[in-house]
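First up is the structure itself, then whatever we jot down about it.
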Amino acid sequence: MKQENGSRLEEFRQFRKEVRGSGEYLLVGIDVAKDNHHAFFGTATGKTLLRRLVFENSLAGFRKLLGQAEAMKVQEGLKKVVFGMEPTGNYHKPLGEHLIRCGQGVVLVSGVAAHENRKTLDGRWDTNDTRDAANVADLMSQGKCLFYEFPVGELQELRDLLSLKRRLKREEHGYRVRIRNHLVAKYFPELDRYYEQSESTALAVVHWCLDPSEIAGMEYEEFVQRVSSDRVRSSQGKRLQTIWKMAVDSVGREVGSAVEFEAKVMVEGLKQIRQRIEEVKEKIQEICSQFPEYEFLLSIPGFGPDVSSKVLGAIGDPFRFQNGRQVLKMAGLDLSAERSGKTSQSAVPVISKKGKADLRYALYQAAFIASIRDRHFIVYFTNQLRGREREPGIKTKMRVKLAAKLLIIAWTLMKKKEPFNPDYLSLE
């Protein structure tokens, strides 16, 4: 399947080179929806062959589309058919992957490009399914399209698990915010100052005894027994004693039975989410161990299992990128600047942030760890700062630059299948 993706990638690059003004291609622009898709058939020379074909999001509908495309290709004497679509949630994936399995050429059109190009079709601002399909075909005729990556096997499983982990982490954050900013802030605000010091202790109090008036009416030993089933360490005991004393003068609101029930549900929900996250991490580790590139990524300073799995899932096949600029663009670490009406000196380039935000964050954390713990990276980072130490925000800028370098190093190691070598730091 990797060879098939490689051949598809070469065909895509060839398509982008020769499509403008070509008389060989039948371009099928598709406006994707949940139940029914709309297709537009045209050529790269701007000729409209069929303005509107509606087909269902089913196997019968897909066959209808393919049958119409084959008939149109034969009738018009065209040699190749390419289907294009704008990513719409996950609704485009069954159709796109079915077409790829049938050996068809499939490309994607960026939502940003579609939005900007839509106004140029006839000078109108409104949208409808027929015009959106024609808009996709028009962008295809200009070569303004993207490769439709079709990962299978372990890579697809890894990306699905990473996506699941992101969703679970968002849910975990939601629970934490609800507990701290709603329950603790209203009913026991004095507890908040100990939340960061010992979250487990604070959660135990919220779960079993959120009402300060109830705590104030207990003996200390009874309070400790209520919120802790294990043996209490000395540091934890001091915190619990302080919380027990603070409850006497708490300014929190009165806690009713509904609030107690909510507190119990929220804390138990948070614990369940965290357990699921740990299970997903174990599954991700299991999948990653099947990739030979994974151990080479782990050899990079600052790259732990989490960062390595994200980089591995994002890059996938390293040979699908022709150069490092494409890798940086995928992550949104490529530089861009507003230079219109400005001199080169006054235009300050910044990272585009158009790519994968989760990957950028992970790489920045890896750069931070490497720049303070690994001696080779400490020397490199210090040399980058030399002479610019007093510039505002320079450390953050240099760590972002180091994050970009780490991504290029990771891509290189995946291609060469070799462990990290400090000599890579001297290469630009």
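The values are calculated or read from the model by the stated rules, or taken from the named source; none is laboratory data. Owing to the predicted nature of the structure, the values given are computational and were not obtained by experimental measurement. Because the Cβ atoms are built from the backbone with ideal geometry, glycine has one as well, and the counts that use them run over all protein chains shown.
Structure data summary
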quantity	calculated
Matching residues, region 170-202, being under 16 Å from VAL265 (Cβ atoms) and either under 30 Å from the mean Cα position of the chain (by Cα) or exposed (fewer than 13 other Cβ atoms within 10 Å of the Cβ) (or both)	GLU171, GLU172, GLY174, TYR175, ARG176, VAL177, ARG178, ILE179, ARG180, HIS182
Subset tally (residues that are of a type outside the set (Val, Ile, Thr) and within 28 Å of the chain's Cα centre (by Cα)) for region 16-35	6
Failed criterion for GLU149 (all others in (1) of a type in the set (D, E, K, R); (2) touching a Ser or Thr at 6+ places or on another chain (Cβ under 9 Å); (3) within 26 Å of TYR361 (Cβ to Cβ) hold)	(2)
Selection status of ILE300, modelled with pLDDT of 95 or more, farther than 21 Å from PRO151 by Cα and in contact with a Leu (Cβ under 8 Å, 6 or more places away or on another chain)	yes
Residues located in region 347-381, provided they are closer than 20 Å to LYS169 by Cα and assigned to a helix (DSSP H, G or I)	ALA357, ASP358, LEU359, ARG360, TYR361, ALA362, LEU363, TYR364, GLN365, ALA366
Selected residue [exposed (fewer than 13 other Cβ atoms within 10 Å of the Cβ), touching a residue at least 40 places away in the same chain (Cβ under 8 Å) and over 21 Å from GLU149 (Cβ atoms)] from LYS17, LYS79	LYS79
SER250 surrounded by fewer than 19 Cβ atoms within 10 Å (Cβ to Cβ), modelled with pLDDT of 90 or more, farther than 23 Å from GLN275 by Cα and not β-branched (Val, Ile, Thr)	yes
Qualifying position, being touching a helix residue (DSSP H, G or I) at 6+ places or on another chain (Cβ under 8 Å), modelled with pLDDT of 95 or more and farther than 19 Å from LYS144 by Cβ, among LEU26, LEU66	LEU66
Residues within region 50-65 that are surrounded by 18 or more Cβ atoms within 10 Å (Cβ to Cβ) and among the aliphatic types (A, V, I, L, M), tallied	2
Every residue from region 69-85 that is in contact with a strand residue (DSSP E or B) (Cβ under 7 Å, 6 or more places away or on another chain), of a type outside the set (A, V, I, L, M) and either at pLDDT below 95 or more than 20 Å from ALA113 (Cβ to Cβ) (or both)	LYS73, GLU76, LYS80
Those residues of region 105-149 which are at positive phi and modelled with pLDDT of 85 or more, in sequence order	GLY143
Scope region 235-270; condition of a type in the set (Lys, Arg), over 12 Å from VAL184 (Cβ atoms) and touching a helix residue (DSSP H, G or I) at 6+ places or on another chain (Cβ under 8 Å); matching residues	ARG239, LYS264
Pairs where the first residue, in region 23-48, is in the same structural domain as GLN142 (by TED's automatic domain parsing) and the second is part of a loop (DSSP other than H, G, I, E, B) and of a type in the set (Val, Ile, Thr), C-beta under 7 Å, 6+ apart	GLY23/THR45; TYR25/VAL19; VAL32/THR88; ALA44/VAL19
Count of residues meeting criterion [free of Cβ contacts under 8 Å to residues at least 60 places away in the same chain and either of a type outside the set (Gly, Ala, Ser) or farther than 19 Å from THR201 by Cβ (or both)] in region 152-189	12
Output for region 176-222, where each listed residue is modelled with pLDDT under 90 and of a type in the set (Phe, Trp, Tyr)	TYR194, TYR195, TYR220
Condition met for LYS397 (within 29 Å of the chain's Cα centre (by Cα), assigned by TED's automatic domain parsing to the domain that holds LEU359, surrounded by 13 or more Cβ atoms within 10 Å (Cβ to Cβ) and without any contact (Cβ under 8 Å) to a residue 12 or more places away in the chain)	yes
Qualifying positions in region 89-139 - within 27 Å of the chain's Cα centre (by Cα), in a loop (DSSP other than H, G, I, E, B) and of a type in the set (A, V, I, L, M, F, W, C)	VAL109
All positions within region 20-49 that are surrounded by fewer than 22 Cβ atoms within 10 Å (Cβ to Cβ) and over 17 Å from VAL81 (Cα atoms)	ALA33, LYS34, ASP35, ASN36
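One line per residue, one yes/no per condition, for (1) under 17 Å from the mean Cα position of the chain (by Cα); (2) among the hydroxyl-bearing types (Ser, Thr, Tyr):
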site: VAL280; (1), (2): yes, no
site: ILE284; (1), (2): yes, no
site: LEU298; (1), (2): no, no
site: SER308; (1), (2): yes, yes
